[in-house]
Amino acid sequence: MEKNILTIVVCGEVDHGKSTLLGRILCDTRSLPDGKWAELERVCRQMGRDIEPAYLLDQLEEERQEAMTIDTTQVFLKTRKRRYCLIDTPGHLEFIKNMMTGATQADAAVLIVDATVGVGEQTQRHARLLKMLGVDRFIVAVNKMDLAGFSKEKFEGVQKKVSGFLRRLGLKPVAMIPIAAKEGHNIFKLSDRMKWYRGPSMIKALDSLCGDVSGKRAPLRFPIQDVYKIGSDSIIVGRVESGSIKVGQRVIVYPCGQKTKISAIKVFNRKKTIAHTGDSIGLVLSCPGRVRGEVICSTVGKPTLNTSFDGHIFWFAQKPLKINGSLKLRCATQEVGCVLTRIHERMDSATREVLERGANEVGKNELARVTFRVRSPMVIENFDVMGSLGRFVLENDSAVCGFGIKR
């Protein structure tokens, strides 16, 4: 089994079956805790409903009553090949912020489409947002094939429309699979009701998604999450976002620019000699005293410190974002104040149609191409080159109100 966990966001329209699919996957991979299925049967019986795998994910009473996901839920499972973290996200437009929160953590995605409904506005919006965030490895699950009579013609009609839409976005799914998540058709194994389908099951398609290896070839980036004093050592903790780091290596800390050396690498009081992309570790430096938000970098492939940059953002706050508006910007563990200095164009998030060029404000659920000025130099890199340090979150009065990428 591969060691790294693959994080996958599951998204699509409300009531197209995201939570049901995840519940069925948990069941079929035997990833449920003891007694969980019995609890599900009891809950469904009390509600006078058939057994619904979605309730394994929709923990909130309000979600069960309304039959929709409100918050994001993370579930963990493993197959013979890999461990997974699957993120169930809301499909309703009102909860788009929650969906985006899940998508920013993802390595890959599953886009679910109801076979009886087809591609809706929210499906298009989710696909465009995944594209913006660089989540381009994904599977399309055409769900509720039982309600479509397990029809090959119905599936091919939806497949044609979905493929055409994704092609216009420059996206190509790893697989497009006809499923009936509630009963488990084509989830763990291929269904006898759809013998005309010759592709992989959902589990096999998930296992075919490759882990991101680009970060291993990139220069070292280690954003400092915190610093702990243990005995005589200052332990600097964080996650290796790209590259590798080893004992004795000379590094530079940004934005202060101080040069130092790795004296030790520690993981749960154990020592290591080397760590790679994705590893969460503690470091001891020859020159201690680092602070949260600084970034440890290799001496080769050094980052450029930015005081202003262009980006693409998605804004979901009720109050519009205006020119010269002040915000807090978070990128990895960095937190800096910023000012919006220019709105090049604002766009419809479902169609990407340009609504206005040279705008004065960005409205709720709109995309925009903008320029920010930050109040102190920071390490933020082009998303296409280094995704983990190219994504950022925008906050106002401690509330998350937008996401973006540097371009």
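The values are calculated or read from the model by the stated rules, or taken from the named source; none is laboratory data. Just so it is clear, the model here is predicted, and its values are computed rather than measured. Because the Cβ atoms are built from the backbone with ideal geometry, glycine has one as well, and the counts that use them run over all protein chains shown.
A few remarks follow.
- Those strands (runs of 3 or more DSSP E) of the stretch 268-347 in which at least 1 residues are of a type outside the set (D, E, K, R) and farther than 15 Å from Ile252 by Cα, considering only elements entirely within it, cover 274-276, 280-285, 305-315, 326-331.
- So Met202, is it assigned by TED's automatic domain parsing to the domain that holds Ala141 and under 23 Å from the mean Cα position of the chain (by Cα): yes
- Selection status of Arg137, outside the structural domain of Phe392 (by TED's automatic domain parsing) and surrounded by 19 or more Cβ atoms within 10 Å (Cβ to Cβ): yes
- Arg168 vs. criteria without any contact (Cβ under 8 Å) to a residue 12 or more places away in the chain and surrounded by fewer than 22 Cβ atoms within 10 Å (Cβ to Cβ): yes
- The set of residues from the stretch 124-158 being in a helix (DSSP H, G or I) and under 27 Å from the mean Cα position of the chain (by Cα) comprises Gln124, Arg125, His126, Ala127, Arg128, Leu129, Leu130, Lys131, Met132, Val158.
- Any hit, the stretch 230-249, residues being under 30 Å from Thr79 (Cα atoms), assigned to a strand (DSSP E or B), hydroxyl-bearing (Ser, Thr, Tyr) and at pLDDT 85 or above: yes
- Qualifying residue in the stretch 159-181 (condition: part of a helix (DSSP H, G or I), modelled with pLDDT of 95 or more and touching a His at 6+ places or on another chain (Cβ under 8 Å)): no
- The requirement of being buried (at least 16 other Cβ atoms within 10 Å of the Cβ), assigned by TED's automatic domain parsing to the domain that holds Arg24, within 30 Å of Gly184 (Cβ to Cβ) and free of Cβ contacts under 8 Å to residues at least 60 places away in the same chain is fulfilled nowhere in the stretch 205-225; no residue meets it.
- Going through (1) surrounded by 20 or more Cβ atoms within 10 Å (Cβ to Cβ); (2) in contact with a Gly (Cβ under 7 Å, 6 or more places away or on another chain); (3) assigned to a strand (DSSP E or B) one by one, Leu367 falls short only on (2).
- Sole residue being touching a Ser or Thr at 6+ places or on another chain (Cβ under 7 Å) and surrounded by 15 or more Cβ atoms within 10 Å (Cβ to Cβ), chosen from Ser388, Ser298, Ser349, Ser308: Ser388
- Listed by first and then second residue, the pairs with beta-carbon distance under 6 Å, at least 6 apart or on different chains, first residue in the stretch 335-348 and assigned by TED's automatic domain parsing to the domain that holds Ile380 and closer than 30 Å to Glu294 by Cβ, second loosely packed, with under 15 Cβ neighbours inside 10 Å and among the small types (Gly, Ala, Ser), are Val336/Ser376; Val339/Ser326.
- Matching option when the condition is surrounded by 15 or more Cβ atoms within 10 Å (Cβ to Cβ), at pLDDT below 95, of a type in the set (A, V, I, L, M) and not assigned by TED's automatic domain parsing to the domain that holds Lys229, among Leu394, Leu321: Leu394
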